[in-house]
Structure formats: C-alpha cells, structure tokens
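What follows is a set of notes on a single structure, which appears directly below.
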Amino acid sequence: TIIWDKNSLAELRELAPGESARLFFSFTPLSPLFDGARIKNPVLALSIVAEGKNFSSEGVLKDVRVETSQIAKVTSDVRLTQRAAYYEGPFSNSGPLPPKAETETTYTIFWTVVNTANDIRDISVKARLPAYMRWVGAVSPSGESVSYDPDERLISWRAGDIAAWKGIASPSREAAFQVGFLPSVSHIGSTPALILEAALQGTDEFTNTALSDASPEATTELTTDSKFQSGNGAVTQ
C-alpha cells in the first residue's frame, strides 16, 4: 500500500475549488514465475482510494471518499538467442577449423526463441549475412519457414505463433541453417562475424502490443559449441 497525505505532500493539506494534485509512482511486476507458478495472461489490479473532508454549502464538514480501480495487463517476455556451431547440430559441417584463408568452412547457425506468460503471434526473425558468407540452403527442422533473399543477403524465419511458456514448460522453438565462410587473406588473425545481429518481432496476443528482441552477431569464436577449442576461431594462413 502506498499512502500520500498532508504530512508527505504539503499540497494535499488543502485543495481549493478547481485545484488539483498529481501523484506519481512506479513499480516492477514480479516475474510470472513467482513462487514457482506459471501464470498465463497475468494482470495487475490497482485499487485507488481518495479520502478527505469537505465543507458543504451549509458549512458542515463532511467526509468524502472516492474509489476507482485499474487493471494493467502484463506483456510477455520473449527472448531470442543466436549462436553458431561447427560440431553440434543437425548438419555435418566441413572445412578446416581453425578456418583457413581462401578455403571454405561451413557452420551451423541456431535461432532459439523462449517465451513466457502470453501467447505470441506472427513472430519473425531476420538477420543479414556479410559479403564473404554463403547461404548453403540446409534448414532444420525441414518444416520451418526459413528463406534467403540473395539481393538483400537477408535470412528470414517466419516462426508464426508461439505459445506461452515455450522453452520453459516445453522445449524451446528453434531453427537451424547452414552457412559457408570463405575467408580472404585480410581476415587472417581475426574472428569475423558469420552472421550479423538477429532481430525478432511479434505481437503479444493478450496485450496486443508489439514485441521485439535482438541477439548479437555470431563470430567464428564458437563459445557455445561444447567441442570447440578456444583459439580455433581466428583465421589462419
């Protein structure tokens, strides 16, 4: 309970006819996983009460009380993760590791979406390939709508609808695809990006608000591949 009165705010001591006072506060809702429960379509119920004393037209002091309430819907928390791998995943990658200048090495890119409290519709994920990268065309699962625009060098995943608690109460939604990296001599000693930043967009079904998230570029330093040895990301001669 938050209380404002004349002791905490001097202007509440008296309000003349036509005057007003504005009060502000902010808060952060608890996680929808609060106390271990998975709350779907969570709401915040706010109850506001204003009390005071008013002189009536007869000069009699009377108690005044006004109550109102407000319901605030809580938006779902959706997270996108982009990562690259060589040894892990549905495809057999080929080529030298560490990558070698003027020799192609293929990699697997994973896009993973985790969702919390509300169903989300019309989810799409997009990212661009650098000029030195090649779209191989392999996609897993095969039924996922992942496409490549060679003119824009843009990879798009139309994930569609994702249910509440996907990735928490059930396996994450994930798509994987294969890309080829042909480094030049100018890449020697560096760990170039295999794919640029990925961006997610969708609409919260419960609050009808736009949702977005982003995951940074994935480089040849494959920190999430369990079999990858640190230092094998830099391009060699």
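For region 33-41, does any single residue satisfy the condition of being small (Gly, Ala, Ser), modelled with pLDDT under 95 and more than 30 Å from residue 130 (Cα to Cα)? Yes, the conditions are met somewhere in region 33-41. Look at (1) under 15 Å from residue 162 (Cβ atoms); (2) touching a helix residue (DSSP H, G or I) at 6+ places or on another chain (Cβ under 8 Å); (3) not acidic (Asp, Glu) and you find that residue 132 fails only one, number (1). Within region 116-163, being at pLDDT below 95 and surrounded by 15 or more Cβ atoms within 10 Å (Cβ to Cβ) holds for 116, 117.
Being surrounded by 10 or more Cβ atoms within 10 Å (Cβ to Cβ), at pLDDT 95 or above, more than 30 Å from residue 196 (Cβ to Cβ) and in contact with a strand residue (DSSP E or B) (Cβ under 9 Å, 6 or more places away or on another chain) is a property that does not hold for residue 74. Taking each residue of region 150-161 that is farther than 15 Å from residue 173 by Cβ and looking for partners that are open to solvent by less than 30 Å² (accessible area, probe 1.4 Å) and of a type outside the set (Gly, Ala, Ser) with beta-carbon atoms closer than 6 Å, six or more apart or interchain, yields 153/129.
Test residue 88 against the stated conditions and say whether it is touching a strand residue (DSSP E or B) at 6+ places or on another chain (Cβ under 9 Å), of a type in the set (Asp, Glu) and outside any loop (DSSP other than H, G, I, E, B). It is false that residue 88 is touching a strand residue (DSSP E or B) at 6+ places or on another chain (Cβ under 9 Å), of a type in the set (Asp, Glu) and outside any loop (DSSP other than H, G, I, E, B). Residues in region 183-204 that are within 18 Å of the chain's Cα centre (by Cα) and in a loop (DSSP other than H, G, I, E, B) were compared, and the one that is nearest to residue 95 (Cα to Cα) is 196. Name the one entry in 10, 21, 72, 85 that is farther than 30 Å from residue 204 by Cβ and within 22 Å of the chain's Cα centre (by Cα). Residue meeting the stated conditions: 85.
In the condition set (1) within 22 Å of the chain's Cα centre (by Cα); (2) loosely packed, with under 10 Cβ neighbours inside 10 Å, residue 2 is compliant with all but (1). Screening 235, 185 for residues that are surrounded by 19 or more Cβ atoms within 10 Å (Cβ to Cβ) and either in contact with a Pro (Cβ under 7 Å, 6 or more places away or on another chain) or over 22 Å from residue 116 (Cα atoms) (or both) leaves exactly one candidate, 235. Scanning region 91-128 for residues being assigned to a loop (DSSP other than H, G, I, E, B) and not small (Gly, Ala, Ser) gives a total of 13. Filtering region 164-177 down to residues that are in contact (Cβ under 8 Å) with a residue 24 or more places away in the chain and not aliphatic (A, V, I, L, M), which residue is least open to solvent (accessible area, probe 1.4 Å)? Going through the qualifying residues, I end up with 177. Scanning region 47-60 turns up one or more residues that are farther than 30 Å from residue 98 by Cα and within 31 Å of the chain's Cα centre (by Cα).
The values are calculated or read from the model by the stated rules, or taken from the named source; none is laboratory data. All values reported here derive from a predicted model rather than from experimental measurement. Neighbour counts are summed over all protein chains in view; Cβ atoms, including those assigned to glycine, are modelled from backbone coordinates with ideal geometry. Areas reflect the complete protein model, heavy atoms only, side chains present, ligands, DNA and RNA absent. Shrake-Rupley method; radii C 1.70, N 1.55, O 1.52, S 1.80 Å.
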